Amino acid sequence: MIEPIKVKTGVRQGCLLLPLLFLVVLDWVSKNAYEGKRLGLQWSLTQCLEDLDYADDLCLLTHRLADMKVKGERLQETGGQVGLKININIKKTKEMRIGVRQQESLELHGEAVERVSKFTYLEASSMKLVELTRT
């Protein structure tokens, strides 16, 4: 394991290096968290869509609640290796189910995730996205 680098100064406003480094780390975390697992949405015979990423936002995709629990736990574990965590406390973490009868709650590390019937991701309503994918 490599020793952490001590940061002695802050990041300057408008610096492009920090967002780039964050995306590289987040990409590594996602790939390692899902490695060997196909828990996302089957996209083609050989490809599976695991998540949608934009900046520091992730939208995890699965067909089953059990897969979402595994995905969340693995993402939390792998992210923890580099100092990242899923922040449930500030209520930015949400769950949405489409066409599912199962009412069991989703919990990550013992904390319940708030269930919503719609949400906005990158200024697009989730309900509009669902309509677009069904056509």
With the checklist (1) more than 21 Å from Leu21 (Cβ to Cβ); (2) assigned to a helix (DSSP H, G or I) in hand, flag the one item Leu75 doesn't pass.
-> (1)
Determine if segment 113-132 includes at least one residue that is at pLDDT 80 or above, open to solvent by less than 60 Å² (accessible area, probe 1.4 Å) and under 14 Å from the mean Cα position of the chain (by Cα).
-> yes
So which residues in segment 74-83 are out of contact with any helix residue (DSSP H, G or I) (no Cβ under 6 Å at 6 or more places or on another chain) and open to solvent by less than 90 Å² (accessible area, probe 1.4 Å), if there are any at all?
-> Gln76, Gly80, Gly83
All positions within segment 22-41 that are open to solvent by 60 Å² or more (accessible area, probe 1.4 Å) and either touching a residue at least 40 places away in the same chain (Cβ under 8 Å) or in a loop (DSSP other than H, G, I, E, B) (or both) = Trp28, Glu35, Gly36, Lys37, Arg38
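This table checks each residue for (1) open to solvent by less than 40 Å² (accessible area, probe 1.4 Å); (2) within 15 Å of Val24 (Cα to Cα); (3) more than 9 Å from the chain's Cα centre (by Cα); (4) without any contact (Cβ under 8 Å) to a residue 12 or more places away in the chain.
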| site | (1), (2), (3), (4) |
| --- | --- |
| Ala55 | no, yes, yes, no |
| His63 | no, no, yes, no |
| Asp67 | yes, no, yes, no |
| Lys85 | no, no, yes, yes |
Given the conditions (1) over 30 Å from Ile2 (Cα atoms); (2) in contact with an Asp or Glu (Cβ under 7 Å, 6 or more places away or on another chain), which single one is not true for Leu49?
-> (2)
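The values are calculated or read from the model by the stated rules, or taken from the named source; none is laboratory data. Remember, it's a predicted structure, so these values are computed and weren't measured experimentally. Note: ideal-geometry Cβ built from the backbone for every residue, glycine included; neighbour counts use all protein chains shown. Heavy atoms of the whole protein, side chains included, go into the accessibility calculation; ligands, DNA and RNA do not. Shrake-Rupley method; radii C 1.70, N 1.55, O 1.52, S 1.80 Å.
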